[in-house]
Amino acid sequence: MTDETAPTRPEARSPRGFMDRRARDLVAERQILTAVSAVYERYGFEALDTGAFEYADALGKFLPDADRPNEGVFALQDDDEQWMALRYDLTAPLARFAAQNWETLPKPFRRYAFGPVWRNEKPGPGRFREFTQCDADTVGSARPEADAEIIAMASEGLAAAGLPAGSAVIRINNRKLLNGLLATAGVSDERQKLGVLRAVDKLDRLGPDGVRLLLGEGRKDESGAFTKGAGLNAAAAEAVLAFTAAGAAGGDRASVLARLADIIGGSAEGDAGLAELAAIDGALKSLGVSEAQAVFEPAIVRGLDYSTGAVFEAELLLETTDEKGHPVRFGSIGGGGRYDDLVARFTGQTVPATGFSFGVSRLASALRAAGRDMAADVRGPVVVIAFNNEDMAHYFAAAGELRAAGIAAEVYLGSSGMKAQMKYADRRLAPAAVILGGDEIAAGTVTIKDLDLGRELAAGITDNSQWRGERPGQISCPRGELVASVAKIVRGA
């Protein structure tokens with residue numbers, strides 16, 4: 001066959017922004033979701049799953065342009081010429097579901113959901129086009145206590161997922177505070193308000209001096225590029241900086257509120273925001289959420305551009321390192337807030353709502369970077385070595401007994417010899433290999449090789465419990481003791 005007539009073979013490659021995940025990643029995410037779901041259900045939230053596709057016009061701010069139906073989302077045109085898109089997040093499907101079923105739903109409606117979401121955006125390091133989210137929302141309650149309950153539940157959920165005490169904090173702000181501050185300063189233009197939010201969002205990177213410039217006329221960076229500012233006068237800019245610094249001065253949540261009250265100046269909307277935060281503080285105390293777990297932080301602005309009240313962001317405090325051992329700052333691992341226009345797009349009526357969302361893959365990555373991988377001890381099945389076809393019945397009987405006892409097991413079904421089979425078992429991270437050769441079968445015995453111990457010795461682990469240190473790497477026992485002997489290796493008892 002000539003080169004011209006040779007078949008064209010596709011290159012084996014993953015689409016950009018999509019990833020393949022093996023057992024370790026999947027088990028870690030499954031464990032996180034199982035732990036967090038149990039917390040959410042204890043709080044009385046019911047599980048909800050919606051379809052992967054929504055009609056494109058239901059996606060709110062992610063609605064594709066008429067001329068660019070795939071902008072931001074993955075969309076297709078159905079046979080009735082209506083555009084459908086893969087869900088961008090789990091909030092838009094909730095809004096549609098609530099509006100569609102509002103008359104029959106219990107009110108408030110409390111639900112949690114998890115599943116993959118898709119974004120048609122340029123991928124990059126740590127930025128994927130498909131990932132798993134987990135959301136919890138209360139729809140139909142305007143009470144600040146609903147926000148507090150979401151915050152408490154989020155804090156407990158993150159702890160259940162594997163974050164130890166003191167390793168994360170939820171920072172809380174309120175859109176009404178900044179609105180009240182800007183109203184006092186005479187700022188009413190929405191574009192100018194957005195400019196203020198964008199300036200404050202750069203506080204960590206630019207510091208107060210850089211943000212001061214962006215609040216005023218603008219700032220020129222090191223490259224000479226000029227960024228136009230929000231156009232506040234000097235007094236208003238200083239008031240905004242004092243507002244953002246109110247949380248940095250320390251103290252408990254009540255102390256932060258007292259400082260904010262002095263800065264905001266008694267505006268109606270600002271006072272409403274202060275009252276909401278005070279109610280949240282009281283509820284958090286009743287729910288047992290400490291000052292270290294949740295703080296009031298006026299410098300938090302992410303989400304304020306579309307929030308209608310409280311907004312919160314969970315930040316990881318653990319020291320984390322990359323694959324090379326270099327320290328990295330993980331920052332935010334989840335967020336949420338109050339979005340009272342959630343259902344209004346469909347019904348025209350304002351329905352209060354508040355919720356929290358986190359990326360499951362991101363949280364799993366954060367735990368792994370902090371040395372707290374929930375799937376670090378994931379192992380494969382016990383492998384029963386296969387010597388010849390004539391004795392397959394013995395191999396499958398052994399595997400069946402182990403499975404019946406709740407121990408994962410498989411019979412090697414390749415065509416390699418024993419050395420290659422042992423290498424296979426090691427690559428599967430099998431805790432043990434079961435050897436039933438002709439001699440064992442004739443004598444009514446079985447040989448069990450402890451692969452866990454071998455890996456521990458190879459890694460130089462010396463702090464195992466005494467029974468691990470004393471056990472041999474390979475044992476021979478009566479065939480009837482197979483399950484008990486393997487269980488001792490797998491379960492440590």
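The values are calculated or read from the model by the stated rules, or taken from the named source; none is laboratory data. Since the model is a prediction, treat every value here as computed from it, not as a measurement. Every residue, glycine as well, gets a Cβ built from its backbone with ideal geometry; the counts of neighbours run over all protein chains shown. These accessible areas exclude ligands, DNA and RNA; they are computed on the full protein's heavy atoms, side chains included. Shrake-Rupley method; radii C 1.70, N 1.55, O 1.52, S 1.80 Å.
What are the residue pairs meeting all of these: first residue in region 42-53, first residue under 20 Å from Glu156 (Cβ atoms), second residue open to solvent by 80 Å² or more (accessible area, probe 1.4 Å) and part of a helix (DSSP H, G or I), Cβ atoms under 9 Å, and 6 or more apart or on different chains?
Correct list of pairs: Ala47/Glu41.
List every residue pair whose Cβ atoms sit under 8 Å apart, with the two residues 6 or more apart in sequence or on different chains, where the first one lies in region 81-94 and is crowded, with 20+ Cβ neighbours inside 10 Å and the second, anywhere, is of a type in the set (Lys, Arg).
Matching pairs, first to second residue: Tyr88/Arg119; Pro93/Arg87; Leu94/Arg111.
For the subset of region 123-163 comprising residues that are open to solvent by 40 Å² or more (accessible area, probe 1.4 Å) and in a loop (DSSP other than H, G, I, E, B), which member is modelled with the lowest pLDDT?
So, considering only residues that are open to solvent by 40 Å² or more (accessible area, probe 1.4 Å) and in a loop (DSSP other than H, G, I, E, B), the one modelled with the lowest pLDDT is Gly126.
Would you pick out the residues in region 1-31 that are surrounded by 15 or more Cβ atoms within 10 Å (Cβ to Cβ), over 26 Å from Val73 (Cβ atoms) and not basic (Lys, Arg)?
Residues satisfying the conditions are Val27, Ala28, Gln31.
Determine which member of the set Val383, Val351, Val311 is assigned to a loop (DSSP other than H, G, I, E, B), at pLDDT 90 or above and among the β-branched types (Val, Ile, Thr).
The match here is Val351.
Failed condition for Ser416, given (1) closer than 30 Å to Cys134 by Cα; (2) without any contact (Cβ under 8 Å) to a residue 12 or more places away in the chain, with all others met?
For Ser416, the failing item is (1).
Collect the residues in region 407-430 that are under 19 Å from His394 (Cα atoms) and either surrounded by fewer than 11 Cβ atoms within 10 Å (Cβ to Cβ) or among the aromatic types (Phe, Trp, Tyr) (or both), keeping them in residue-number order.
The answer is Tyr412, Leu413, Gly414, Ser415, Gly417.
Test Asn101 against the stated conditions and say whether it is modelled with pLDDT of 95 or more and open to solvent by 30 Å² or more (accessible area, probe 1.4 Å).
Yes, satisfied.
In region 426-445, what residues are assigned to a strand (DSSP E or B) and over 45 Å from the mean Cα position of the chain (by Cα)?
Within region 426-445, Thr445 is the sole residue that qualifies.
Determine if region 7-16 includes at least one residue that is under 30 Å from Asp137 (Cβ atoms) and either in contact with a helix residue (DSSP H, G or I) (Cβ under 9 Å, 6 or more places away or on another chain) or part of a loop (DSSP other than H, G, I, E, B) (or both).
There is no residue in region 7-16 that is under 30 Å from Asp137 (Cβ atoms) and either in contact with a helix residue (DSSP H, G or I) (Cβ under 9 Å, 6 or more places away or on another chain) or part of a loop (DSSP other than H, G, I, E, B) (or both).
Go through region 462-488 and give me each residue that's within 40 Å of the chain's Cα centre (by Cα) and at pLDDT 90 or above.
Answer for region 462-488, where residues must be within 40 Å of the chain's Cα centre (by Cα) and at pLDDT 90 or above: Val483, Ala484, Ser485, Val486, Ala487, Lys488.
A quick yes/no check of all residues on (1) modelled with pLDDT of 85 or more; (2) exposed (fewer than 14 other Cβ atoms within 10 Å of the Cβ); (3) over 24 Å from Arg198 (Cβ atoms):
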| residue | (1), (2), (3) |
| --- | --- |
| Ala237 | yes, no, no |
| Val240 | yes, no, no |
| Ala248 | no, yes, no |
| Val256 | yes, no, no |
| Ile263 | yes, no, no |
| Gly270 | yes, no, no |
| Gly288 | yes, yes, yes |
| Ala292 | yes, yes, yes |
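Taking region 386-406 on its own, how many of its residues are touching a helix residue (DSSP H, G or I) at 6+ places or on another chain (Cβ under 8 Å), part of a helix (DSSP H, G or I) and open to solvent by less than 70 Å² (accessible area, probe 1.4 Å)?
3
Scan region 355-368 and tell me whether some residue there is in a loop (DSSP other than H, G, I, E, B), at pLDDT below 95 and out of contact with any Phe, Trp or Tyr (no Cβ under 9 Å at 6 or more places or on another chain).
no
Which residue is modelled with the highest pLDDT, if the candidates are limited to region 446-461 and must be surrounded by fewer than 19 Cβ atoms within 10 Å (Cβ to Cβ) and more than 17 Å from Arg379 (Cβ to Cβ)?
Among them, the one singled out is Thr447.
Evaluate the following for Leu304: is it within 20 Å of Leu342 (Cβ to Cβ), open to solvent by less than 10 Å² (accessible area, probe 1.4 Å) and in contact with a strand residue (DSSP E or B) (Cβ under 9 Å, 6 or more places away or on another chain)?
Criteria met by Leu304.
Out of the residues in region 106-117 that are surrounded by fewer than 20 Cβ atoms within 10 Å (Cβ to Cβ) and in contact (Cβ under 8 Å) with a residue 12 or more places away in the chain, state the one that is nearest to Gly337 (Cα to Cα).
Ranking the qualifying residues of region 106-117, first place goes to Pro108.
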